[in-house]
Structure formats: structure tokens, C-alpha cells
1. List, please: which pairs have Cβ atoms under 8 Å, are six or more places apart or on different chains, and start with a residue in the stretch 36-51 that is under 13 Å from residue 93 (Cβ atoms) and end with one that is modelled with pLDDT under 70 and assigned to a helix (DSSP H, G or I)?
2. Hey, among the residues in the stretch 116-131 that are in contact with a helix residue (DSSP H, G or I) (Cβ under 7 Å, 6 or more places away or on another chain) and crowded, with 21+ Cβ neighbours inside 10 Å, which one's modelled with the highest pLDDT?
3. Which of (1) over 13 Å from the mean Cα position of the chain (by Cα); (2) modelled with pLDDT of 80 or more does residue 106 not meet, given it meets every other one?
4. Tally up the residues in the stretch 147-159 that are part of a helix (DSSP H, G or I) and surrounded by 16 or more Cβ atoms within 10 Å (Cβ to Cβ), please.
5. Of everything in the stretch 39-55, what is modelled with pLDDT of 80 or more and over 25 Å from residue 4 (Cα atoms)? Give them in sequence order.
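The values are calculated or read from the model by the stated rules, or taken from the named source; none is laboratory data. Note that the structure is a prediction, hence the values are computed from the model and not measured. With ideal geometry, Cβ positions are generated from the backbone for all residues, glycine too; neighbour counts draw on all protein chains shown.
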């Protein structure tokens, strides 16, 4: 199926609108999987529901006429869209960027997205943004694994690096983010 999905994504990118319609079952399934990953441990009665997250992500992807070259790249784009939606939602709810009424979180708490993640979403987003300024690939690896649910092998394929590079970069990124989320301003050292 991945080969036909890749071809449909390429056709969609080339402007064949029918390809988007043919992709809808795949897109919906993947977006539901990602939304479920994001929302599974949220408190009951959370104001953002998984279905709303799926629909908003789909609208953003379609409106931007975004289509990846492969399933992995599409999932990466969808994960970024959902992360953006969750950050926007957290901001709209007036959560403090640092401290305030937001609970401090660590990288390992719910692998970034579990627990009461929206309370820490702004803090995590800010740390990932700082990591991306320092090393885009390492930030991409965290995003693809923790937000997109991709395996290290899938990430290696998307980023066109070896799986051992993904593992090494993830170790560094986790340590860097753990220091950043812990308030260690020296987290900008090393590489």
C-alpha cells in the first residue's frame, strides 16, 4: 500500500485533485492515529477533541496544498500540523509560556505528548524551537518520533540518514531537551 500512497501523494502534489480524494481514507486513518497519540492521556472533558484535531489538521494540509513524497514525509507534515494546532490551542487558553499555571514537564513524561500535555505544550514547543535553531535534524527526529509516532527506521528513511544516526541524534536531543525543560540555560553547549 505504501507504494500506491506515495504515488497518490506525488499525483496530489502535481495538482491532480482526484488523488487527494483517493488518499482521504489513508489520510484520515493516519490523522486519527496521530490525534489518538496526542490525546490519549488528556484529562476528561478536555476542550480539544481528537476529531476536531483531525479535521483542523486535514484543512491545514489541504489548504496549504501540502503533499509529501512518501508516507513518512506526509506523516511528518501531519505531525507538525497537529503540533502547531495544539500549540495554538494552548496559547488560546492563556497558558503561561514558562511556569505560571502550567505544570513543569520533563521530556520523559508521556514521551512529550502524554499526561496533561497541553499544560506543557508551550514549554515543549519553545524548547523544540530552540533545538531546531541549533540543529534542525535533531529537532525533526524528536518531532517525528514523539509527535509522529514513527520508528527510528522510518525516521531514517524520511531524513535519508542511517538508523544509528537517528539513535545518536535522539540521545543527544533528549539530553538537550531534558536540560532545557529543567531550566538549564547551559543546554546550548555541545553537539
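1. 42/117; 42/118; 46/118; 48/118
2. Here is the first cut: in the stretch 116-131, the ones in contact with a helix residue (DSSP H, G or I) (Cβ under 7 Å, 6 or more places away or on another chain) are 117-118, 121-125, 127-128, 130-131.
From the residues that got through so far, the ones that are crowded, with 21+ Cβ neighbours inside 10 Å too are 117-118, 121, 123-124, 127-128, 131.
On the way: 117: 51, 118: 53, 121: 72, 123: 83, 124: 83, 127: 90, 128: 90, 131: 95.
Taking the candidates together, the pick is 131.
3. Checking residue 106 against (1) over 13 Å from the mean Cα position of the chain (by Cα); (2) modelled with pLDDT of 80 or more, the one that fails is (2).
4. The number of residues fulfilling the criteria is 8.
5. Narrowing the stretch 39-55 to residues modelled with pLDDT of 80 or more: 51-55.
Passing the criteria: 51, 52, 53.
Rundown of residues vs (1) over 17 Å from the mean Cα position of the chain (by Cα); (2) modelled with pLDDT of 90 or more; (3) in a loop (DSSP other than H, G, I, E, B); (4) crowded, with 18+ Cβ neighbours inside 10 Å, yes/no style:
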{"position": "69", "(1), (2), (3), (4)": "yes, no, yes, no"}
{"position": "81", "(1), (2), (3), (4)": "no, no, no, yes"}
{"position": "88", "(1), (2), (3), (4)": "no, no, no, no"}
{"position": "100", "(1), (2), (3), (4)": "yes, no, yes, no"}
{"position": "114", "(1), (2), (3), (4)": "no, no, yes, no"}
{"position": "139", "(1), (2), (3), (4)": "no, yes, no, yes"}
{"position": "161", "(1), (2), (3), (4)": "yes, yes, yes, no"}
{"position": "168", "(1), (2), (3), (4)": "yes, yes, no, no"}
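Listed here are the residues, each with its yes/no results for (1) at pLDDT 80 or above; (2) more than 17 Å from residue 124 (Cβ to Cβ); (3) surrounded by 17 or more Cβ atoms within 10 Å (Cβ to Cβ).
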{"residue": "4", "(1), (2), (3)": "no, yes, no"}
{"residue": "13", "(1), (2), (3)": "no, yes, no"}
{"residue": "25", "(1), (2), (3)": "yes, yes, no"}
{"residue": "37", "(1), (2), (3)": "no, no, yes"}
{"residue": "59", "(1), (2), (3)": "no, yes, no"}
{"residue": "84", "(1), (2), (3)": "yes, no, no"}
